[in-house]
Each structure stands twice: as C-alpha cells, then as structure tokens.
1. Length gain on complete extension for the stretch residue 88 to residue 24, per 0.36 nm per residue less the alpha carbon to alpha carbon distance?
2. Which label marks the calculated value of Kirkwood radius over Cα pairs in Å, given the options [x] 18.7; [y] 19.2; [z] 18.0?
3. Strictly over 22 Å apart at the Cα level, which of 124/186; 19/101; 12/101 would you flag in this model?
4. Evaluate the distance, in nm, between pseudo-label points positioned 7 Å from the Cα of residue 191 and of residue 48 along their respective Cα→Cβ axes.
5. Below 8 Å between Cα atoms, with a sequence gap of 6+, how large is the relative contact order for the chain in percent?
6. Rounded to a whole number, what % of the accessible area of the chain do carbon and sulfur atoms account for, probe 1.4 Å?
7. Sequence gap at least 6, Cα distance under 8 Å: using those rules, report the relative contact order of the range 165-220 to the nearest whole percent.
8. Among residues other than residue 216 whose Cβ falls under 14 Å from its Cβ, what is the net charge (Lys/Arg +1, Asp/Glu -1)?
Amino acid sequence: MALDVIERYCSKSDLVELKAVFREPVKAIEYLGRERIDLVFLDINMPDISGMQLIQTLSPIPLIIFTTAYSHYAAESYNLNATDYLVKPITLERFLSAVNKAVSALSDKPHLAGKDDDAAIFIKSGPQTHQVRIKDILYLEKDGNYITIHLTDRNILIRENMGDVFDLVPASDFIRVHKSYVVAIKHITMIEVHQLTVNGEPIPLGSTYRESLRARLGIG
C-alpha cells in the first residue's frame, strides 16, 4: 500500500521520473549497482536488510528520502545524510515538500570540473575561491564554526556546518567517522577500534560511526 501511494504521488509531480519499484531489497541493490539514480524513496523496516543497512551497500550513494511508520528513526536517518524523512501515512503535500528538497540538493551539489582522477570542486574561503581536485582532499576537520579541509599539499579554512559537509564533497568518496571528522575513503590506510589513519595522521573514530564505516568498507 505504501509503495502504491509513492507511485501515485510520483505520477502527479513533473519533478520526478519513476524508474523502478522494488519489494525485495536485494533486487533494489542490484539495480542501483547498474543504474545511475538521483533519488531513492526507501523504507526502513524491510525483509533481510534494513533501509539503514541498504544505504551502506551503495556507492555512489543517491539522495535518500526515508519512508517509515516510525518517527524514532529520524535522528539516525539524518546522521546518514538523508534528504528527508516521511512518516506514514504520507500526504501529497509532505511528499512534494520532500521532492523539492531533493531537487534543491541536486542543484546545489558542487560543480565538478574534469573526470575521474582530475575531477575538481570549487571551494569558497573568505573572498577567495579555490579549485581543488577531489583526490587531493584527505579529510575535513571541524573546529568551532569552521572546517579545515586538509589537502595533500595545503589546508583551506572555510566557515561551514558539519551537517552540510556533503554539499561540499561527494558522499560517494567520503564518510563521516566522528562528529568532527569526515575522511576520504581512498586515503584511509589503517583502521583501529577507536581511531583510523589517513595519510599518516591519526583520526578519532566515534563509536556511533564505527559500524557504518565497517559496513561501507565491507569489513566483517
């Protein structure tokens, strides 16, 4: 019934093109591994694997709008950078509000210049705007109202909230490992119980992020 509601609402919005509907999470994972999808409406309680766990299997991670009958998952969903959280029964008005958020998030994603290893983003720091290659970003560190972007050759200080960090860097290449740290997955060289190492630098690993990191990297 919930899927039928989402399908009907999608047909009413010109902003959404419905590509596929799945009742089995494994089939959805297989599809998302083949197709480039911008946005997924995802239930949390599903057979075999939860919506929270399903996200960790995806790379790159599309925008996620959770749909669930349980409001108590909301905080955890936002830790996973969900675009929105819809509690059933879902009204058309609430659905359209969530879709507009997703459209805004897609339009605000960092401009990528180049492809693959040369892909770059533009980062504003005070009056200056820096072009930075994604592969050169080691980790981002929050300190007060500022975030330091640690690069292989220099650091850039920006005024930004940690909750908005994935508007700066692609979620497919980075992961949050602590309330104050987001790291580049490709630069992780070692993982321990309470910390990990990035380019020789020890980074604290928060207990609430440990399982999501291990799931994202496929570590048992």
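The values are calculated or read from the model by the stated rules, or taken from the named source; none is laboratory data. Since this is a predicted model, take the numbers as computed values, not measurements. Note: ideal-geometry Cβ built from the backbone for every residue, glycine included; neighbour counts use all protein chains shown. Ligands, DNA and RNA are excluded from the accessible area calculation, which covers all protein heavy atoms including side chains. Shrake-Rupley method; radii C 1.70, N 1.55, O 1.52, S 1.80 Å.
1. 21.1 nm
2. Structure-derived value, by its label: [x].
3. 124/186
4. With each label placed 7 Å out from Cα toward Cβ, I get 2.3 nm.
5. Once divided by the residue count of the chain, the mean separation gives 12 percent.
6. 49
7. Relative contact order for the range 165-220 comes out at 26 percent.
8. Around residue 216, the surrounding residues sum to +2.
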